[in-house]
Amino acid sequence: MAEMITPTTPAQLRDAILWALGDKVTLEIIGHGSKRAYGHDVRARHVLDLSKLTGILFYQPEELVISAHAGTPLAEIAALLAQKHQQFQFEPGDFPLLLGGGDNIGLAGDGLLGTLGGLVATNISGPRRLKSGAARDHVLGFEAVSGRGEDFKSGGRVMKNVTGFDLSKLMAGSFGTLGVMHTLTLKAMPVPEKTRTVIVPCDDAKIAVQAMTAAMGSENEVSGAAWAPTSILADRSAEMAALGDASLATAMVFLRVEGPEQSVDWRAAALCRLLADIGAATVVQTAESLALWRSIADVKPMQGQGGVLWRLSVPPASGGAVVQALRQTGDTDIMLDWAGGLVWAQFAAGDAAGDASGEIEQAGKIRQIAMNAGGQACLVRASPALRGQVPVFQPLSPEINRINRKISENFDPYGILNPGRMAPQRQADAAQSDQRVGA
């Protein structure tokens, strides 16, 4: 079992990395471990646990800025922001679907899972991304320790144009492979006064994408556009009652508008008129809307289901065609977010004996579908056998790989931070990596 190292201050974190660098040992970086299964397994000699490196350093509601250590629980930060009617605009989801459907699933809805550092490191963003950007777009600054054991930082407390590299964009989504962030400063935004959700029954994915495209192209300032199975409302009696006969549909389009009450009511009514040819629309109010979009952010229909889960990022207009192509590769449950730009596709698990050959062939088809659409596919959840044979993240071109390798060599030349997290690391590769680290 890997030895656990638990720093409580940035100085202790730096000392731990300097020790690992001196002894040439590898480190797996974790917080609460809620996103540990996102990416490949890390074969490291020690675990660097940041869950004790916590604390909100400052919060200035009037300036819409908050700073905290990386191990600070997201639930704690969200609760503090809520006291001042503020939130993270990029709407992070819980992602309990990564936890495999065990007892941890009960945590969903009780507060955001994970830590601030894990959120930024994986760059997870929710339904409002299509309007407000991803997590990386809301990071004002950070402080970190590189794989060289050197302190470095970028940005500050305000968003402004600067010359040089914006390292926040580089670190967000790097999965802890370039450096270990210990302090993060993010932009907060006010919670909208009112929220309305227009729900339109629609079983056809192509028509659903056309509807979402029309809504996004209208003057109604839509902040969320999703297509999900009706099961997402299974435990929401108020919304189901409001839908009436429309609840018999197998899937529905969900469109969100936010802002002052008179404005959202007018825009919701306009969307109902715009989509009248598709089906009779229903409008749900703020409380029901907030719960509904939390379920969409958490990808609730895919939680606790097992099987193989893919996340495809494609141009929104191609979402309907991508759904059609995915259904030709096998029986699948599908959900769309970002107006069709984010495709969640869940397939049944393969051979129980561990033969992943069929799933490997299917994975190749799924990747090709994403590439044909001008997008990429990420393997979010799968059996160990499949995860060991198929890259979790979309394979990059040789040119991009060369750039990434140069960046990694500058930040972590000995590969001690989260080795193998971004690419498959088989036993032979791991042995070679240990030899390189020990050189």
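The values are calculated or read from the model by the stated rules, or taken from the named source; none is laboratory data. Predicted, not measured: the structure shown is a model, and the values here were computed from it. Neighbour counts are summed over all protein chains in view; Cβ atoms, including those assigned to glycine, are modelled from backbone coordinates with ideal geometry. For accessibility, only protein heavy atoms count, side chains too; no ligands or nucleic acids. Shrake-Rupley method; radii C 1.70, N 1.55, O 1.52, S 1.80 Å.
For residue 54, indicate whether it is open to solvent by less than 30 Å² (accessible area, probe 1.4 Å), of a type in the set (Ser, Thr, Tyr) and in contact with a His (Cβ under 9 Å, 6 or more places away or on another chain). Full working, then the answer.
Numbers: open to solvent by less than 30 Å² (accessible area, probe 1.4 Å): no; of a type in the set (Ser, Thr, Tyr): yes; in contact with a His (Cβ under 9 Å, 6 or more places away or on another chain): yes.
Taking the combined requirement at face value, the residue does not satisfy it.
Quick one: residue 159 ticks every box in (1) modelled with pLDDT under 95; (2) open to solvent by 60 Å² or more (accessible area, probe 1.4 Å); (3) of a type outside the set (Phe, Trp, Tyr); (4) in a strand (DSSP E or B) bar one, so which box is it?
Only one criterion in (1) modelled with pLDDT under 95; (2) open to solvent by 60 Å² or more (accessible area, probe 1.4 Å); (3) of a type outside the set (Phe, Trp, Tyr); (4) in a strand (DSSP E or B) is unmet by residue 159, namely (4).
Would you pick out the residues in region 48-66 that are among the aliphatic types (A, V, I, L, M) and in a strand (DSSP E or B)? Break it down into steps so the answer makes sense when it comes.
If we filter region 48-66 for residues that are among the aliphatic types (A, V, I, L, M), which is where we start, we get 48, 50, 53, 56-57, 64-66.
48, 56, 57, 65, 66 - these are the residues of region 48-66 that are among the aliphatic types (A, V, I, L, M) and in a strand (DSSP E or B).
What number of residues within region 268-289 satisfy the criterion of being in a loop (DSSP other than H, G, I, E, B), in contact with a strand residue (DSSP E or B) (Cβ under 6 Å, 6 or more places away or on another chain) and among the small types (Gly, Ala, Ser)?
Quick first cut of region 268-289, residues in a loop (DSSP other than H, G, I, E, B) only: 275-281, 285.
This time we only want the ones that are in contact with a strand residue (DSSP E or B) (Cβ under 6 Å, 6 or more places away or on another chain), so: 275, 278-279, 281.
Applying the additional criterion that residues be among the small types (Gly, Ala, Ser) yields 279, 281.
Here the count works out to 2.
Only one of these conditions is not met by residue 316: (1) farther than 16 Å from residue 205 by Cα; (2) open to solvent by 50 Å² or more (accessible area, probe 1.4 Å); (3) in contact (Cβ under 8 Å) with a residue 40 or more places away in the chain. Which number is it?
Result: residue 316 passes all but (1).
Might you check whether a residue that is closer than 23 Å to residue 128 by Cα and part of a loop (DSSP other than H, G, I, E, B) occurs anywhere in region 39-47?
Step one: filter region 39-47 for residues closer than 23 Å to residue 128 by Cα, giving none.
Within region 39-47, not a single residue is closer than 23 Å to residue 128 by Cα and part of a loop (DSSP other than H, G, I, E, B).
Could you tell me whether any residue of region 319-337 is under 25 Å from residue 259 (Cβ atoms), in contact with a Lys or Arg (Cβ under 9 Å, 6 or more places away or on another chain), modelled with pLDDT of 95 or more and not aliphatic (A, V, I, L, M)? Before you say what the answer is, go through the steps one by one.
Pass one, region 319-337, residues under 25 Å from residue 259 (Cβ atoms): 336-337.
Retained after the next criterion (residues that are in contact with a Lys or Arg (Cβ under 9 Å, 6 or more places away or on another chain)): 337.
Still in the running and modelled with pLDDT of 95 or more: 337.
Subsequent filtering for residues that are not aliphatic (A, V, I, L, M) retains 337.
Scanning region 319-337 turns up at least one residue that is under 25 Å from residue 259 (Cβ atoms), in contact with a Lys or Arg (Cβ under 9 Å, 6 or more places away or on another chain), modelled with pLDDT of 95 or more and not aliphatic (A, V, I, L, M).
Tell me which residues, restricted to region 33-50, are surrounded by 22 or more Cβ atoms within 10 Å (Cβ to Cβ) and more than 17 Å from residue 419 (Cβ to Cβ).
34, 50
Which pairs have Cβ atoms under 6 Å, sit 6 or more apart or on different chains, and link a residue in region 408-422 that is outside any loop (DSSP other than H, G, I, E, B) to one that is modelled with pLDDT of 95 or more and surrounded by fewer than 20 Cβ atoms within 10 Å (Cβ to Cβ)?
Between residues of region 408-422 that are outside any loop (DSSP other than H, G, I, E, B) and residues that are modelled with pLDDT of 95 or more and surrounded by fewer than 20 Cβ atoms within 10 Å (Cβ to Cβ), the close pairs are 411/146.
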